[in-house]
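To start, the structure itself, in structure tokens.
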Amino acid sequence: MALIRVALPLPLDRLFTYRLDADAPAPPRGGRVVVEFRRRRLVGFAIETTAEEPEGVRLKAVERVLDTEPVISDTEWSLAEWMARYYVAPIGLVLRLFYPPGSTGEAEDGDGPGGAPRRRHVLPAPEMGAEERAAIASTLARAPQQRRVWSATLELDEPVEQAALCEALGVSAGVVAALVARGLVRVEDREVVLDPYGAGGQLEVAAEGDSTPEQSAAIAEIRQALSGGGELTPFLLQGITGSGKTRVYVEAVAAALERGGKAIVLVPEIGLAAPTVARFRARFGERVAVLHSGLSRGERASAWNRVRSGAAPIVVGARSALFAPVGRADLVVVDEEHETAYKQDETPRYLARDVAVYRASLEGAVAVLGSATPSLESRSNAEAGKYRRLSLPARIAGRPLPTVEIVDLAGEGAVVAPGLSDVLVAAIADALESGDQALLFLNRRGFAAFLQCTDCGWVGPCPNCKISLTYHRGSPRLLCHYCDHREPVPDFCPACAGRRLDTRGIGTQQVETAVRTRFPDARIARMDLDTTGPKWSHARLYRAMQALEIDILVGTQMIAKGFDLPGVGLVGVVSADTALHFPDFRSTERTFQLLVQVAGRAGRGDRPGRVVFQTYLPEHFVLTAAAAHDYEAFYRREKPDRLGLGYPPATRLANVVASGKDAASVEEAMARVADHLRRREAGGLTVVGPAPCPLERLRGRWRHHVLLKAEVAPILDRTLHDLARREDALVGTANRLEIDRDPMSLL
Ligand code: ADP
Ligand code: ZN
Ligand code: ZN
């Protein structure tokens, strides 16, 4: 009788032994097996056979072997082992990444676990003639909200998720229910499918001429690296906004394909990458598999199979696409390599950019990291010769970078409407006059930052998180942007029963309202999480911008990323310095990156663009460097600051967070952890803290942390693994310890 040791997809860092019946096929290393564990049936991974029978337990048998052929290649295995070690994560949670989402974890009967979530959708009413419609339209004249919903369903003529519809139209679910009662719409539970790249989702792609000399030079270097020989140094493609980086990626992929190779292209968020995906689709058609979380289970399986069979040698997707079954990759591209979205915020807390570089080194693949505003880590790797810098210093076709004006909001009379200075209002008027489109950027959705009682100062808090609730209009309510807790807007202050509740701080809804008031004839739209649910998606609004059906688009960072629209003549940044005040050592870097990205959306057509930064800190070097589009100036100034404070790229960090339901118990647990770590301080390790996390309470859990700084990585390896082994003893079973290596956020 054979015994195998199995890793389970659970946060348990140990293996479990099961019997394998004589007639069962032997699973390959990393193959999936169904086993019973604590009265649940789980899909785990076979790690090794063993002769050692654990004492005193009655071994259960493996119920089913799902993979009889090897799925995980040798390099993939090495990669998984490295990730488990480096990020201090159980191997069972790492191996999950190498299988289609939903095919591991809790086992189900039938064709495997998982499946697309089902949500309530609204469908148009049954067939109706024009006369009948007109009759109904007049019945609904007195019910404008119902009428809006009804005509939206007619216009869409396909099922739309109810929550997204209500959000977009600013109505409550009751409005839909009223229409259902009138028999004008139907509701139905359906699988959520969000595929902006499916039928009809393609974006137009402009024809490009020959590569520019700078593009050609970059492509030639990558080609040469692909043709092998010599040491493989990752490339850092540093190209200003609009310099044509995507073209370089596309040509690099073409070169890998010519050689019969495979390529993985990572984008930070697939939902915002439609223009990039469209360019790959336009060039390579069906040979591109686009992987994203919105695919239904069937679509996902088919994309996965097309990759494995080799029918699709190109994979484009968010961070998890790095683990698609390509076998061996020849080229790994990481677009916008500085983006925090490359960090996974649950175990394993990997940073896909770094894992991509590691994967490339294991496989002898070429890694290309691209950005207009590289992370300080990558830029300094290039300075140290660990990366090779390729540079695209100019925009395509000699287009100038837009001119940036900095407006001091503290100046007298500067603010003329919520979020709008006199300069910005005049600039919008100019843009409309000359037929240019305008983008107005603000990094907060909702109407106002919060609601406050002007008598006693009360601010509505989230019951689960230690932050205030954001005030949303539409269907008015208070909303937590961290845990999605919602509550109705109170009529009077819950603390003093006063009736004077006022809004503070502005959000995109308020800016949209202000712009509508100022420019009643302009065609105005808003793009943020609230307006881009399925079917009201990013791609739909993007197409409307492309077709010049929108004059002014107000939005969050969604409009900062990947927008390549020649019609945009003006970009207004409503509040350029908000992110600077975040309690995070990267807040300066993030602000700079965001400002450069947003500013870079202007002037991509024939006319030069114009940008307005509104700020209370007009002299701050982040603003002046971003206004001059001068990354190098920013880098020269910021790097010494970081070195001085002992932050990356000078030091290696790990954030260790204890969390639990009881505040005192969490604080004590963290004190024990900090004591334990302090005894290991010295020899290149520094312990900062313990302290409450900036977000001290999140989703109902209290949180305390310590920050570990190490001069070199191996010190952290040892310290963190030792810590993980003592987790139960140090924090107790009621609390949880999370280790975040190379953290992208300390909140
Ligand atoms: P980046 O990603 O560097 O901001 P993009 O790759 O989006 O820049 O390119 C900016 C624009 O220039 C795109 O519309 C693209 O189609 C166009 N473009 C890129 N390369 C060329 C070229 N060689 N000739 C003409 N147009 C180009
Ligand atoms: Zn009050
Ligand atoms: Zn909350």
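The values are calculated or read from the model by the stated rules, or taken from the named source; none is laboratory data. What you are looking at is a predicted structure, and each value in this text was computed from that prediction instead of being measured. Neighbour counts run over all protein chains shown; Cβ positions are idealised from the backbone, glycine included.
Details
- Where Arg499 falls short, out of the listed (1) basic (Lys, Arg); (2) without any contact (Cβ under 8 Å) to a residue 40 or more places away in the chain; (3) touching a helix residue (DSSP H, G or I) at 6+ places or on another chain (Cβ under 6 Å): (3)
- Lone qualifier among Asp530, Asp521 - being crowded, with 19+ Cβ neighbours inside 10 Å, of a type in the set (Asp, Glu) and away from ligand 2 (no atom under 16 Å from the Cβ): Asp530
- Selection over segment 213-253 of residues that are in contact (Cβ under 8 Å) with a residue 24 or more places away in the chain, more than 14 Å from ligand 1 (Cβ to nearest atom), part of a helix (DSSP H, G or I) and not acidic (Asp, Glu) gives a count of 4.
- For Gly683: the one exception among (1) more than 30 Å from the chain's Cα centre (by Cα); (2) at pLDDT 90 or above: (2)
- In a residue-by-residue description of segment 514-526, the property of being aliphatic (A, V, I, L, M), under 19 Å from the mean Cα position of the chain (by Cα) and at pLDDT below 95 applies to no position.
- All told, Ala438 falls short of being more than 16 Å from ligand 1 (Cβ to nearest atom) and farther than 25 Å from His629 by Cα.
- Residue list for segment 632-664, restricted to those being part of a helix (DSSP H, G or I) and aromatic (Phe, Trp, Tyr): Phe634, Tyr635
- Hits in segment 612-631 - residues which are in contact (Cβ under 8 Å) with a residue 60 or more places away in the chain and either surrounded by fewer than 17 Cβ atoms within 10 Å (Cβ to Cβ) or assigned to a helix (DSSP H, G or I) (or both): Tyr616, Leu623, Thr624, Ala626, Ala627, Ala628, Tyr631
- Residue in segment 264-285 that is more than 27 Å from Pro402 (Cα to Cα), of a type in the set (Asp, Glu) and more than 16 Å from ligand 2 (Cβ to nearest atom) present: no
- Close contacts from segment 5-20, counting a first residue that is more than 21 Å from Asn735 (Cα to Cα) and a second that is β-branched (Val, Ile, Thr) and modelled with pLDDT under 90, with Cβ to Cβ under 7 Å and a gap of 6+ residues or different chains, come to Arg5/Thr50; Thr17/Thr50.
Let's see how each residue does on (1) touching a residue at least 60 places away in the same chain (Cβ under 8 Å); (2) among the small types (Gly, Ala, Ser); (3) within 16 Å of ligand 3 (Cβ to nearest atom); (4) in a helix (DSSP H, G or I):
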residue: Val666; (1), (2), (3), (4): yes, no, no, yes
residue: Ala671; (1), (2), (3), (4): no, yes, no, yes
residue: Ala674; (1), (2), (3), (4): no, yes, no, yes
residue: Thr686; (1), (2), (3), (4): no, no, no, no
residue: Pro690; (1), (2), (3), (4): no, no, no, no
residue: Cys693; (1), (2), (3), (4): no, no, yes, no
residue: Glu696; (1), (2), (3), (4): yes, no, yes, no
residue: Arg703; (1), (2), (3), (4): no, no, yes, no
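- Any hit, segment 415-425, residues being crowded, with 19+ Cβ neighbours inside 10 Å, of a type in the set (Asp, Glu), away from ligand 3 (no atom under 16 Å from the Cβ) and not in a strand (DSSP E or B): no
Residue-wise test of (1) more than 14 Å from ligand 1 (Cβ to nearest atom); (2) surrounded by fewer than 22 Cβ atoms within 10 Å (Cβ to Cβ); (3) more than 22 Å from Arg247 (Cβ to Cβ); (4) not hydroxyl-bearing (Ser, Thr, Tyr).
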{"residue": "Leu548", "(1), (2), (3), (4)": "yes, yes, yes, yes"}
{"residue": "Val554", "(1), (2), (3), (4)": "yes, no, yes, yes"}
{"residue": "Asp564", "(1), (2), (3), (4)": "no, yes, no, yes"}
{"residue": "Leu570", "(1), (2), (3), (4)": "yes, no, yes, yes"}
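- Scanning segment 360-389 for residues that are outside any helix (DSSP H, G or I), within 29 Å of Leu439 (Cβ to Cβ) and not polar (S, T, N, Q) yields a count of 5.
- The residue list Gly228, Gly285 contains one member that is farther than 25 Å from Leu541 by Cβ, at pLDDT below 90 and surrounded by fewer than 19 Cβ atoms within 10 Å (Cβ to Cβ), which is Gly228.
- Residue among Asp491, Asp484 that is free of Cβ contacts under 8 Å to residues at least 12 places away in the same chain, within 16 Å of ligand 3 (Cβ to nearest atom) and not hydrophobic (A, V, I, L, M, F, W, C): Asp484
- Flag for Cys462 being buried (at least 16 other Cβ atoms within 10 Å of the Cβ) and modelled with pLDDT of 90 or more: no
- Any hit, segment 96-119, residues being of a type in the set (Ser, Thr, Tyr), modelled with pLDDT under 85 and within 30 Å of Gly317 (Cβ to Cβ): yes
- Test: residue in segment 394-403 that is assigned to a strand (DSSP E or B), surrounded by fewer than 18 Cβ atoms within 10 Å (Cβ to Cβ) and not acidic (Asp, Glu): yes
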